Amino acid sequence: MNTIQKTYVILIATTFIWGIQPLCIKWLVAVWSPVTITTMRYILIGAFLLGLSLVRGEGILPKQKCILPLLLMGVTGIGINNVLQFTGLQVSTVTNCTLIAAASPAITAFFASFWIRERLPLKAWLGISLSFIGAVIVVSHGSLYVITHFAFNRGDIFFLLAQVAWTTYSIIGVRVMKDMPPVLTTGWAGLFGACITLAYGLVTQDFYPAPLDMPLALSFAYTVIFGGIMAMLFWNIGVKNAGPSLTAIFQNVTPVVGMIGGYVLFAEVIGIQELVGAACIFIGVYATTHSK
């Protein structure tokens, strides 16, 4: 098996890991609040990544000019993104969560065109528009009444807002990683985000790490070890070996895994609206990431 074949295997494994993760979170939010899950998860992930950075000889302290951007990354990509997404899973489905997350590349491209003045060709704008239409079909369940009366499921709106927060995190991260290595950047963003989320949880009394039984403890361990540490490292390898555009295509596997898992484990209904919305999102993302 050559390097590119190994890379494809790694990327497919990563997308399966991310597809399964919302299923674990769906179980966890019945016992731990979204604030608790986010805090506990990223304290461990951030500490591990900082330790890995130290072992790799990249140092451990962030550059002074990067501290504020790292704090903003922690607030947006760790705190807001995770808490909104996990809160959404309390009232919506794994299927909708993974489908809306699949539109992330198109959402990122849209905001990048304004925030960092990235010029996009017409094909990219068409892809962004199609992905947005697909997301609207998913959150409205194809109902014109839901759209005209703004009767959206609260969880689906949280999923969309979580992707905007993740886009903000990603765009800030591009600038920070010009001055700091990716592992060190991700580690500090995770640790800052965990601390900020913890402070919020203590003030609002929404942080309560109650004991977990074995199945839930294993679910939490999965989100830390597989969904957090391994998936991030695997994804970075994929981007390095296959390039960002080709790597982005593999994200389309994640919602498929999530949809199947939601159907099998939570008896979630996958209707024609979800399938049409998924098709629009996938085609839109492909057009956006292959527009140059």
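The values are calculated or read from the model by the stated rules, or taken from the named source; none is laboratory data. What you are looking at is a predicted structure, and each value in this text was computed from that prediction instead of being measured. Cβ: placed from backbone, ideal geometry, glycine included. Neighbour counts: every protein chain shown. Note: areas computed on protein heavy atoms with side chains; ligands, DNA, RNA excluded. Shrake-Rupley method; radii C 1.70, N 1.55, O 1.52, S 1.80 Å.
Brief remarks on what is shown
- Proximal charge balance of residue 77 [Cβ under 15 Å; K/R count +1, D/E count -1]: +2
- Where 207, 226 fall by accessible area, highest first, once all protein chains stay in place (1.4 Å): 226, 207
- Phi angles of the stretch 218-228 translate, via the Karplus equation with coefficients 6.51, -1.76, 1.60 and θ = phi - 60°, into HN-Hα couplings of 5, 4, 5, 4, 4, 5, 7, 6, 8, x, x Hz per residue; Gly and Pro are given as x.
- Trypsin sites (Lys or Arg not before Pro) restricted to the stretch 1-81 and DSSP loop, no more than 16 other C-beta within 10 Å: 56, 63
- Accessible surface area normalised per residue over the chain is 47 Å², counting heavy atoms of protein chains with a 1.4 Å rolling probe.
- The stretch 141-225: trypsin sites (Lys or Arg not before Pro) falling in loop per DSSP and having at most 16 other Cβ within 10 Å: 178
- The distance from the alpha carbon centre of the stretch 1-55 to that of the stretch 70-104 is 14 Å, rounded to a whole number.
- Whole-Hz couplings from phi, Karplus 6.51/-1.76/1.60, listed for the stretch 260-271; x for Gly and Pro: 5, x, x, 5, 6, 8, 10, 6, 6, 7, 10, x
- The HN-Hα couplings worked out from phi for the stretch 18-35 by the Karplus form 6.51 cos²θ - 1.76 cosθ + 1.60 (θ = phi - 60°) are 5, x, 7, 4, x, 5, 5, 5, 4, 6, 5, 5, 6, 10, 9, 6, x, 5 Hz, whole numbers, x standing for Gly and Pro.
- 37 °C / 0.692 mPa s Stokes-Einstein diffusion coefficient of the stretch 1-133, Kirkwood radius on C-alpha pairs, µm²/s: 184
- Set of aspartates and glutamates near residue 178 by C-alpha distance (under 18 Å), chain-local residues within fewer than 8 positions excluded: 58, 118
- According to the calculation over all Cα-Cα pairs in the stretch 1-50, the P(r) per 10 Å bin from zero is 21, 33, 31, 13, 2 %.
- Tensor-based shape of the stretch 127-234 (alpha-carbon gyration tensor, a/c under 1.5 rounded, otherwise prolate or oblate): oblate
- Where Rh is the Kirkwood radius over Cα pairs, Rg/Rh for the chain: 0.95
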